[in-house]
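Participant: Take this structure, written in structure tokens, and hold onto it; I'll ask about it next.
Every number in this text was worked out from the coordinates using simple rules, so none of it is lab data. Note that the structure is predicted; figures quoted are calculated from it, not measured. Neighbour counts are summed over all protein chains in view; Cβ atoms, including those assigned to glycine, are modelled from backbone coordinates with ideal geometry.
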Amino acid sequence: MQRSLFARQPSVLVFISLLAVFTIVITVLSEGFGLGLVSTSFVKILGKTLCLCLVAIAMDLVWGYCGILSLGHFAFFGLGGYMIGMWLMYERTKDIVIASLAGAELPPTAEEIREGIGTQIFGVVGGSEIPVVWYFADSLFAQLALVVLVPGLLALVFGWLAFRSRVTGVYLSILTQAMTLALSLYLFQNDSGLRGNNGLSGLQNIPGLTHLPQSVVSVWFFLASAFALGAGYLVAAWVVSGKFGNVIRAIRDDETRIRFMGYPVEAYKLVVFTLTAVIAAIAGALYYPQAGIINPAEIAPIASIYLAVWVAIGGRGRLYGAVIGAATVSLLSSWFTGGQAPSIPLGFYTIDWVDWWQVLLGLGFVLVTLFMPKGIGGLFDRLVRKDAA
Amino acid sequence: MKFTTTLKIAGAAAFITTTVLTHAAYAQEETIKVGVLHSLSGTMAISETTLKDTVLMLIEQQNAKGGVLGKKLEAVVVDPASDWPLFAEKARELLTVDKVAVMFGCWTSVSRKSVLPVIEELNGLLFYPVQYEGEESSKNVFYTGAAPNQQAIPATDYFLEELGVEKFALLGTDYVYPRTTNKILEQYLKDKGIAETDIFVNYTPFGHSDWSKIVADVVALGADGKKVGVISTINGDANIGFYKELAAAGISADDIPVVAFSVGEEELSGLDTTNLVGHLAAWNYFQSADAPVNAEFIKEWKAFAGEKRVTNDPMEATYIGFNMWVNAVEAAGTTDVDAVTTAMVGQKYPNLTGTEAEMLPNHHLTKPVLIGEIQADGQFDIVSQTEPVPGDAWTDFLPESKVLESDWVELKCGMYNTDTKTCVQLNSNY
């Protein structure tokens, strides 16, 4: 009989308990549900960070375990955000339109409401027609399904074409970069029907829950993000343990040999690629309602490169490494951009914090890659080994 | 594994403690905090850093004069890093953690749209200093840049009346500001009797570089001998390629004049202006404006930021907004947002071009419109200047916004439908 998941992956139990403790502590300290020691804006930052950790796990799965260096996974993250954003925006606007038409003598017709919504949402980009892609936007259920289906299908088709043609290594990375670039350029156009450069905004206002203050909403989303991260970690740990995990690791180490052994390498890669795209999309769907706005700049090629950098810093090929990397970089950036880092006066010249923090972060990336190929997560390995000895 | 636990908890604890402690330390000082929400890194840094410096200079000057309400002003500078969601995050941080009394910030429309829901939720106060596409009026925002009727329409009038342009090419980068502006201009030109076939509209992506086809199309527009003019809402780098291509096609400003709404002193400084000389730009301020108050402002700016620095239109907008805010706070006797907002409307302050700016009930300013010819040194020769024009939040040239009005004093609504006599919504469209 197979050993249980926790026995095979001892880090899972530790991670889940840590996450649970962390989540409870933050909730108790939050403004919405507790002592008010942690500000709503910080709860939002933490909630967003958890989502980034989740997408980093997806990246680790596809790159660290399966060896596919996809530099396009943030596209799936963004698409997930767009899908949920459409419902949020449509329904919120619908409420506004209905409220504004309430004073009219005759109750507004469905057509009038639709027209009003069109003008409200697309007025700023010079239109009033609701594009076809918004067909399901009034249904939360449909848009939630699309959160999974659209990125999932895109990954399936893209992966099928790429893997079938045996595109691997750096060529695949370039191809995935091209995909995310093409998608972002497409969305930048106003004609794409998703409001071009402006994207979808005001997503923090949840339709039907507008009476709840953001301090409460933020905690709900924080909890949801924590739950998703825990679930995602479990799924990823389950995937990488057992036979499937052995096969994908073997593909990473020597694809050709595994193919000669009779394994359908392409199918395995496609499953991992699509599964991780779906995880990324779910993370995105949780992230953007907390961020408040999604626009094409989010899925610019650099975003996916950053994602790979987080995983590299945290240590690829270990799930908690991805989490550490994403959390470290995201929280550090958040702290630095908050203007709390001091400027360094050298007497003759003052190094502004704005300049040095980015250089420092970049330098950190280089140093970690050069001197700690296993990333920050690799440090724990040494510790554990010493403990054992 | 044990170490992981300790490290993580310690990390989280340290993070929380530092956050709490730094804020506790701040709270002890008796200052009025002013949030500065401009990108200091990323693509917009080149434009927005200037505005951050402007606010810092104005704060320094105000503190030298004794501050506001007897308290010193303290700048809280954050860096939203040209990342639009980060604008919302930082705005929330400024309002709830740093508890700033007012924010000066944003450049792009998308960054403003990102911040809007946050400041309306938390009842913050934002001064937005850049020309924009209009169609918005928030209770919590004062728009000190130009609305379309304070830049685009007068520039078009100049083309029609002074230069005798009969055919128009509306070229823009594909985003909200050019789209809305061109939609307004198209309607305006049609109302003025220009045939639809004589208006050429084209949108290009950000950073577009291949202009040969478009320039050829513009030239072809004038094949019948009618005078062609280009109204450009092209943004950023793409401008360089566009003017270069015009020059390469042997077209001078006399043949086909170009009036740009996004090219100013800051964009021109450090650029080879050979291809641009003689072309036009429309703004509410030029550094070359001949007024004693402007000379004084330029002198102070150069002393603060460096001899080589130039001044530009959004800086003037920041200057007017900042001083109006100071006066409104003094008048209200408090920094409370509602009181200051009420005191803001009707505020008058001399602008830098020799006339006076007034804050209107729709939270927009009265501004004169200046048209300048680009000189070889990157400065502008002012060829036309109007009387101050009141800013119109909702344009009169689009049917759906013609019926809308904004008045935060009488109607207490930023989006009032004059047909149905109802307030469409109290919050803004974002």
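Participant: With the dipole of the protein assembly as shown worked out from charges on the C-beta (+1 for Lys and Arg, -1 for Asp and Glu) around the Cα centre, which of A:293, B:393, A:141 lies farthest toward the positive end?
Facilitator: Among A:293, B:393, A:141, the one farthest towards the positive end of the dipole of the protein assembly as shown is A:141.
Participant: Let me ask something additional. Add +1 for every Lys or Arg and -1 for every Asp or Glu among the other residues with Cβ under 11 Å from the Cβ of residue A:292, and state the total.
Facilitator: +2
Participant: Pairs of lysine in region B:152-260 with Cα under 26 Å and at least 8 positions apart or on different chains: total?
Facilitator: Lysine pairs meeting the criterion: 21.
Participant: Once the dipole of the protein assembly as shown is set up with Lys and Arg at +1 and Asp and Glu at -1 on Cβ about the Cα centre, which of A:245, A:348, B:189 lies farthest towards its positive end?
Facilitator: About the Cα centre, the residue reaching furthest to the positive side is A:245.
Participant: Here is a further query. What is the helix-to-structure angle for A:265-291, meaning the angle in degrees between its Cα long axis and the longest Cα principal axis of chain A, kept from 0 to 90 and rounded to the nearest 10?
Facilitator: For helix A:265-291, the angle is close to 50 degrees.
Participant: On to the next question. Straight-line reach from residue A:269: which aspartates and glutamates have a Cα under 12 Å away, not including same-chain ones fewer than 8 places off?
Facilitator: Filter leaves A:255.
Participant: Further question: State to the nearest 20 debye the size of the charge dipole of region B:152-260 about its Cα centre, where the only charges are +1 on K and R beta carbons and -1 on D and E beta carbons.
Facilitator: With Lys and Arg at +1 and Asp and Glu at -1, about 180 debye.
Participant: Next up: Roughly how big is chain B's charge dipole about its Cα centre, with Cβ charges of +1 (Lys, Arg) and -1 (Asp, Glu), in debye to the nearest 20?
Facilitator: That gives a dipole near 1360 debye.
Participant: Once every Cα of chain A carries one equal point scatterer and solvent is ignored, give the base-10 log of I(q)/I(0) from the Debye formula at q = 0.11, 0.14 Å⁻¹, two decimals.
Facilitator: Values returned for q = 0.11, 0.14 Å⁻¹ are -0.85, -1.28.
Participant: Counting only helical runs of four or more DSSP H residues, what would the 222 nm mean residue ellipticity of chain B come to if each run contributes -39,500 (n - 2.57) and the total is spread over all its residues?
Facilitator: One gets -12000 deg cm²/dmol as the mean residue ellipticity at 222 nm.
Participant: Classify region B:390-430 as rounded, prolate or oblate from the Cα gyration tensor: take a ≥ b ≥ c as the square roots of its eigenvalues, call it rounded if a/c is under 1.5, otherwise prolate when a/b beats b/c and oblate if not.
Facilitator: Rounded shape, in that the Cα axes give a/c under 1.5.
Participant: Would you please classify the overall shape of region B:152-260 from the alpha carbon gyration tensor, given that a ≥ b ≥ c denote the square roots of the eigenvalues, rounded means a/c under 1.5, and beyond that prolate means a/b larger than b/c while oblate covers the rest?
Facilitator: Oblate, since a/c reaches 1.5 and b/c is not below a/b.
Participant: So which lysines pass the test for residue B:139, namely a Cα distance under 16 Å, with those fewer than 8 places away in the same chain ruled out?
Facilitator: Candidates past the 8-residue exclusion: B:113, B:412.
Participant: Right, something else. In chain B, once you exclude exposed GluC sites (Glu not before Pro) (DSSP loop, at most 10 other Cβ within 10 angstrom), what's the longest stretch remaining?
Facilitator: The segment B:31-306 is the longest one with no such site.
Participant: Provide the packing ranking of A:330-336, A:361-367, i.e. peptides ordered by the mean count of other C-beta atoms within 10 Å per residue, highest first.
Facilitator: With the highest mean Cβ count within 10 Å placed first, the list reads A:330-336, A:361-367.
Participant: Using a Gaussian network model of chain A with C-alpha springs under 10 Å, which one of A:99, A:56, A:182 is most mobile by mean-square fluctuation?
Facilitator: Ranking A:99, A:56, A:182 by mean-square fluctuation puts A:99 first.
Participant: Further question: Mind checking B:73-80 for the average number of partner chain beta-carbons within 10 Å of each residue's beta-carbon?
Facilitator: Across the residues of B:73-80, the mean count of other-chain Cβ atoms within 10 Å is 3.
Participant: Any idea what angle helix A:214-240 forms with the longest principal axis of chain A, computed on alpha-carbon atoms, 0 to 90 degrees, nearest 10?
Facilitator: 40 degrees
Participant: Say we join alpha carbon atoms closer than 10 Å with springs in a Gaussian network model of chain B; which of B:414, B:134, B:306 then has the biggest fluctuation?
Facilitator: With Cα springs under 10 Å in chain B, the top fluctuation among B:414, B:134, B:306 is at B:306.
Participant: Please name whichever of B:319, B:304, B:214 sits farthest to the positive end of the charge dipole of region B:207-351, dipole taken about the Cα centre and charges placed at Cβ: Lys and Arg +1, Asp and Glu -1.
Facilitator: Going by the charge dipole, the pick is B:214.
Participant: Moving on to the next point. Of the trypsin sites (Lys or Arg not before Pro) in region B:213-275, which ones lie in a loop per DSSP and count no more than 15 other C-beta atoms within 10 Å?
Facilitator: B:226, B:227
Participant: While we're looking at this one, here's another question. Taking the Cα atoms of chain B alone, what are Rg (to one decimal) and Dmax (as a whole number) in Å?
Facilitator: Over chain B's Cα set, Rg and Dmax evaluate to 22.7, 83 Å.
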